[in-house]
1. Could you list, ordered by first residue, the pairs with Cβ atoms under 6 Å in which the first is in the stretch 29-47 and under 15 Å from Leu291 (Cβ atoms) and assigned by TED's automatic domain parsing to the domain that holds Leu304 and the second is polar (S, T, N, Q) and in a helix (DSSP H, G or I), at least 6 apart or interchain?
2. With Ile53, Ile11 as the choices, which residue is more than 20 Å from the chain's Cα centre (by Cα), closer than 25 Å to Ala83 by Cβ and buried (at least 17 other Cβ atoms within 10 Å of the Cβ)?
3. Can you spot a residue in the stretch 250-263 that is touching a strand residue (DSSP E or B) at 6+ places or on another chain (Cβ under 6 Å), part of a helix (DSSP H, G or I) and not β-branched (Val, Ile, Thr)?
4. Could you give every pair whose Cβ atoms fall below 8 Å, whose first residue belongs to the stretch 215-244 and is modelled with pLDDT of 90 or more, and whose second residue is of a type in the set (Asp, Glu) and not in a loop (DSSP other than H, G, I, E, B), counting only separations of at least 6 or pairs across chains?
5. Of all residues being of a type in the set (Val, Ile, Thr) and assigned to a helix (DSSP H, G or I) in the stretch 264-318, which is nearest to the chain's Cα centre (by Cα)? Just the residue, please.
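The values are calculated or read from the model by the stated rules, or taken from the named source; none is laboratory data. As the structure is a prediction and not an experimental result, all values here were calculated from the model. Quick reminder, even Gly has a Cβ in these numbers, built from the backbone with ideal geometry, and neighbours come from all protein chains shown.
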Amino acid sequence: MARPFPSLDDIRAGGKPALARALSLIETADGTEPLAALLDEAARRADGLVLGITGPPGVGKSTLTNALIRRHREAGRTVGVIAVDPSSRFTGGALLGDRTRLRTDPDDTGTFVRSMAARDRLGGLSDHAVAAVVLMRAAFDRVIVESVGIGQSEADIAFAADTVLLCIQPGSGDSLQFMKAGVMELPDVVAVTKADMGETARRARADVEGALTLAHTAADEWRARVVSVSSASGEGLEALEAAVAEHAAWTLEHGRLGQRRAAQARHWVEDAIRLRYGQRGLATVDAAAALADAGGPFEATRRLAQSLERRLTVAVAD
């Protein structure tokens, strides 16, 4: 007998096993009405805040994520983590996996880590990561999304996170590269990692602060904060948490969190249709109207996909 489809309350009450099963449904039940209903309910009941961490490989994202998990748990906050890994060219699965990168207590019911493969996405997130974020932010106080890395094409993290944290390593020249790529317009907070490197770290921070002055920011917009951190020694972690909390408070005070999440929902619909049917397919539908009519991005995507499939079937028949 098939297991009944879970409700969001079932998932919240069922702990890690229930959430693991629900995350598996994102792939196995993709495109179904019950899954769309579950995800849209989770989107409406999103109580947790999402921190997206990005930066080039080797900058220390996983070490920093470990440190943040530890601090959240010490503060009594539950935390879910999505670690988007590079993909195996042979299996398509996650190449590294969360067990080798993040150290968590398997008996801690307040922590949940899921590793997901980036596959062939250039945006730094996997195809199903957005749905996983939506479920997790309805189940945890904090969600951390660690993306594969960032460059000129890896900006998807901005469409899944409430606060974007960009990590830069001293002595790497990243800030100059990011200036050319326009990446400095993405982060809400910038962490210069490995602050224990002394003068090299201080020079990197000055470079970052200089680069941020070139990014256009209106007077009433948030200006990215820059923090120097060392995950190994703990230096700067309190300041980093304060900067992230300050941004979260600013988004709530100015109504930007709701605006940001509404814009993300529309992007999810458009991106899903573009991915499956291309730019020409997207041009034939009204994503905004579908989103308003369906009441949620996942049901809107499902309905638009059904409509496009029917059109394709008719076109082939003719």
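1. Here the result reads none, with nothing in the stretch 29-47 linked to a residue that is polar (S, T, N, Q) and in a helix (DSSP H, G or I).
2. Details: Ile53 fails: more than 20 Å from the chain's Cα centre (by Cα).
None of the others qualify; the one that does is Ile11.
3. Taking the stretch 250-263 first, the residues touching a strand residue (DSSP E or B) at 6+ places or on another chain (Cβ under 6 Å) are none.
Scanning the stretch 250-263, I find no residue that is touching a strand residue (DSSP E or B) at 6+ places or on another chain (Cβ under 6 Å), part of a helix (DSSP H, G or I) and not β-branched (Val, Ile, Thr), so the answer is no.
4. Arg225/Glu246; Val226/Glu209; Ser230/Asp196; Glu235/Asp196
5. As a first pass, look at the stretch 264-318 and keep what is of a type in the set (Val, Ile, Thr): 269, 273, 284-285, 301, 313-314, 316.
With the extra rule that they be assigned to a helix (DSSP H, G or I), the set shrinks to 269, 273, 301, 313-314, 316.
Values: Val269: 16, Ile273: 19, Thr301: 19, Thr313: 35, Val314: 37, Val316: 38 Å.
Going through the qualifying residues, I end up with Val269.
The rows are residues; the columns are (1) farther than 22 Å from Leu49 by Cβ; (2) surrounded by fewer than 20 Cβ atoms within 10 Å (Cβ to Cβ).
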| residue | (1), (2) |
| --- | --- |
| Arg202 | yes, yes |
| Leu214 | yes, yes |
| Ala218 | yes, yes |
| Ala224 | no, no |
| Ala263 | no, yes |
| His267 | no, yes |
